[in-house]
Amino acid sequence: MNLFRALSTALLAILLVAPAWAGDLLEQVVAAAPAGATVRVPAGVHAVHLKLERPITLVGEPGAILDGGGRGDVLRISAANVTVRDLIVRRSGTDLTAMNAGIYIERKARDVVIRANRVEASLFGIYLDGASNVRVERNVVRGLRNLRVADRGDGIHLWNDSGCTIEGNDVAGTRDGIYVYVSSGNTIARNLVHGVRYGVHYMYSQHNLLLDNVSRGNLAGYALMASHHLKVIGNSSEDEGSYGFLLNYISHSEVAGNRVYRINGQSDDAGGTIEGTEGKGLFVYLSQFNSFHDNLVADSQIGIHVTAGSESNRFRANRFEDNRLQVKYVQNLAQEWSERGRGNFWSDYLGWDLDADGIGDVPFRPNDGVDVLLWKYPSARNLMSSPSVLLMRYVQRAFPVFTPPSVQDSHPLMKAPRP
C-alpha cells in the first residue's frame with residue numbers, strides 16, 4: 001500500500017503538468033491501485049480507456065476529463081464495490097453492435113456507485129450489462145445529437161439488471177432517456193429526461209418502480225411495453241409529441257398520481273395536426289388488469305385512448321380536464337369506470353348533483369356510436385352537421401339498445417379530487 005501511494009503521488013504529480021496524451025500514466029496508476037484504494041484524477045484532459053478490475057474509488061478533481069477519443073468505451077467496470085464520481089467522461093466510440101459507452105458496467109460488477117458525473121458525446125451514456133445493486137445517481141448525460149436518433153444509444157441502459165437504483169439524473173440528446181430491458185426489481189426515480197425519443201422505455205420487465213420522474217419535450221414520455229407488475233407513481237409528462245404514457249401489453253400494474261399536460265401530436269408544415277398522429281395523454285393498448293387512479297390528464301388532443309382488447313382495467317379518482325376529446329374508446333365490450341360508488345372527474349360533464357353528495361346523478365358517457373363511426377371512417381366527418389348524423393344521435397338517446405359498447409362512469413365526481 002505504501003508503495004502504491006508513493007507511485008501514485010509521483011505519477012499524479014507528472015499528470016498535473018503533462019499534456020492530454022498523459023492518459024497512459026493515469027492508466028498505470030489505476031492498474032497499480034490495490035483493492036479499497038482511492039484514486040484522485042487531477043484537472044485536465046486524460047486520453048484513456050480505463051478498466052476498473054478491482055474495488056476502488058475513482059474521484060475527479062474539478063475539471064478532470066476522461067476522453068475516449070471516439071473509440072471503444074471510455075471507462076469499463078468489471079469489479080464489485082467500485083465508485084466513480086465527479087468526473088467528465090466523453091467521446092466513446094459509435095459502434096452500436098459493440099454498445100460503446102461512456103461508462104460500461106459488466107455483468108460481474110456488483111454494488112457499484114456512479115455519482116455526480118457528466119457523460120457527454122458518447123453513444124451510450126451509462127450501460128449496465130447484467131449487473132446488480134448498482135446506483136446511478138445525480139449524473140448528467142448528453143448524447144450524440146449529430147447522429148440520427150435511430151443511430152444513437154440510450155442515456156442510461158439496463159439489460160438483465162436487478163436491484164438497481166437510477167435516481168436524480170438529467171438525460172438529453174440520446175435515443176431513449178432510460179431504457180429498461182429484461183430487468184426486474186429496479187427503481188427509476190426523480191430523473192429528468194428531455195429531447196429524446198422515449199423518456200423512459202420498459203421492455204419485458206417486471207416488479208419495477210417508476211417514481212416521480214419528469215419527461216418533457218420528447219416523442220413520448222413513458223413507453224411501457226410487454227411488462228407486468230409495474231408501479232408507475234407520481235411521474236409527469238409535458239409537451240410530448242405523441243404520448244404521455246403508452247401502455248402496450250402491460251398487466252397487473254398500478255398507474256397512480258401521474259400528471260400529463262399538453263400532448264398535442266405531430267404538426268404538418270401548416271401547423272395543423274397530421275391525421276392519425278393526435279396527441280394522447282394515455283394510450284392503453286392490449287393491456288389488462290391494471291389500476292389507474294388519481295392521475296391528471298389535461299390540455300391534450302385525446303385524454304385517453306383505449307383499444308385492442310384492453311379489458312379488466314380499473315379507473316377511479318382520475319382527472320380529465322380540458323382535453324379536446326376526453327376518451328377515445330374503440331372496443332366491443334362496455335366498461336364501467338368507477339369503483340365502489342366513486343368515479344372520475346370530467347371537465348365537460350354536464351350532469352347535476354341534487355343530493356349534494358359530490359357524485360353526479362347522471363352517468364357520464366364520453367362517446368357514442370357517431371364517434372366510433374367517425375374514428376373508423378374519418379371521411380364521414382364531412383357529414384357532421386347533416387340531418388342523418390343528428391338523427392343517429394337522437395335515436396341513440398331515445399333507444400339505448402342502439403348505443404354501441406362504450407365507457408360509462410356511473411358515479412362521476414362533481415369536483416376535481418385533490419392531488
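The values are calculated or read from the model by the stated rules, or taken from the named source; none is laboratory data. From a predicted model like this one, the values you see are computed outputs, not experimental measurements. Don't worry about glycine lacking a Cβ; one is built from the backbone with ideal geometry, like all the others, and counts go over all protein chains shown. The accessibility values were calculated without ligands, DNA or RNA, using every heavy atom of the protein model including side chains. Shrake-Rupley method; radii C 1.70, N 1.55, O 1.52, S 1.80 Å.
What pairs can you find where one residue is in the range 20-37 and under 18 Å from residue 61 (Cα atoms) and open to solvent by less than 10 Å² (accessible area, probe 1.4 Å), the other is at pLDDT below 90 and part of a loop (DSSP other than H, G, I, E, B), and their Cβ atoms are less than 9 Å apart, with a gap of 6+ or different chains?
Filtered contacts from the range 20-37: 37/1.
Return only the number of the condition from (1) open to solvent by 10 Å² or more (accessible area, probe 1.4 Å); (2) under 19 Å from residue 191 (Cβ atoms) that residue 260 does not satisfy.
(1)
When residues of the range 75-100 are filtered for being under 17 Å from residue 49 (Cβ atoms) and surrounded by fewer than 24 Cβ atoms within 10 Å (Cβ to Cβ), how many remain?
13
Quick one: would you say residue 277 is open to solvent by less than 40 Å² (accessible area, probe 1.4 Å) and at pLDDT 95 or above? Even if it seems obvious, please write down each step before you answer.
Values: open to solvent by less than 40 Å² (accessible area, probe 1.4 Å): yes; at pLDDT 95 or above: no.
It is false that residue 277 is open to solvent by less than 40 Å² (accessible area, probe 1.4 Å) and at pLDDT 95 or above.
Kindly provide the set of residues from the range 129-148 that are open to solvent by less than 30 Å² (accessible area, probe 1.4 Å), of a type in the set (A, V, I, L, M) and touching a residue at least 40 places away in the same chain (Cβ under 8 Å), ordered by number.
144 - this is the single residue of the range 129-148 that is open to solvent by less than 30 Å² (accessible area, probe 1.4 Å), of a type in the set (A, V, I, L, M) and touching a residue at least 40 places away in the same chain (Cβ under 8 Å).
Restricting attention to the range 101-115, does a residue exist that is out of contact with any strand residue (DSSP E or B) (no Cβ under 9 Å at 6 or more places or on another chain) and open to solvent by 30 Å² or more (accessible area, probe 1.4 Å)?
For the range 101-115, residues out of contact with any strand residue (DSSP E or B) (no Cβ under 9 Å at 6 or more places or on another chain) and open to solvent by 30 Å² or more (accessible area, probe 1.4 Å): present.
I'm checking my understanding of the structure. Among residues of the range 38-67 that are in contact with a Gly (Cβ under 7 Å, 6 or more places away or on another chain), among the aliphatic types (A, V, I, L, M) and open to solvent by 30 Å² or more (accessible area, probe 1.4 Å), which one is farthest from residue 92 (Cα to Cα)?
If we take residues in the range 38-67 being in contact with a Gly (Cβ under 7 Å, 6 or more places away or on another chain), among the aliphatic types (A, V, I, L, M) and open to solvent by 30 Å² or more (accessible area, probe 1.4 Å), then 43 is farthest from residue 92 (Cα to Cα).
Tell me the residue from 184, 162 that is under 20 Å from residue 103 (Cβ atoms), surrounded by fewer than 24 Cβ atoms within 10 Å (Cβ to Cβ) and modelled with pLDDT of 95 or more, please. Show your work before the answer.
Details: 184 fails: under 20 Å from residue 103 (Cβ atoms).
Of 184, 162, the one residue that is under 20 Å from residue 103 (Cβ atoms), surrounded by fewer than 24 Cβ atoms within 10 Å (Cβ to Cβ) and modelled with pLDDT of 95 or more is 162.
Is there a residue in the range 139-158 that is assigned to a loop (DSSP other than H, G, I, E, B) and either farther than 24 Å from residue 220 by Cα or in contact with a Pro (Cβ under 8 Å, 6 or more places away or on another chain) (or both)?
Among the residues of the range 139-158, not one is assigned to a loop (DSSP other than H, G, I, E, B) and either farther than 24 Å from residue 220 by Cα or in contact with a Pro (Cβ under 8 Å, 6 or more places away or on another chain) (or both), which makes the answer no.
Counting just the residues of the range 280-298 that are in contact with a Ser or Thr (Cβ under 7 Å, 6 or more places away or on another chain) and assigned to a loop (DSSP other than H, G, I, E, B), which one comes out farthest from residue 245 (Cα to Cα)?
Checked the range 280-298; the qualifying residue farthest from residue 245 (Cα to Cα) is 289.
Run down 56, 65 and say which single residue is aliphatic (A, V, I, L, M), touching a residue at least 12 places away in the same chain (Cβ under 8 Å) and either touching an Asp or Glu at 6+ places or on another chain (Cβ under 6 Å) or closer than 25 Å to residue 170 by Cβ (or both).
Exactly one residue qualifies, and that residue is 65.
Out of everything in the range 316-355 that is without any contact (Cβ under 8 Å) to a residue 40 or more places away in the chain and of a type in the set (Phe, Trp, Tyr), what residue ends up being most open to solvent (accessible area, probe 1.4 Å)?
The residue in question is 352.
Criterion first (surrounded by fewer than 18 Cβ atoms within 10 Å (Cβ to Cβ) and at positive phi) does residue 217 satisfy it?
Yes: the conditions hold for residue 217.
Restricting the range 405-419 to residues that are among the charged types (D, E, K, R) and either open to solvent by 50 Å² or more (accessible area, probe 1.4 Å) or part of a loop (DSSP other than H, G, I, E, B) (or both), which is modelled with the lowest pLDDT?
Checked the range 405-419; the qualifying residue modelled with the lowest pLDDT is 418.
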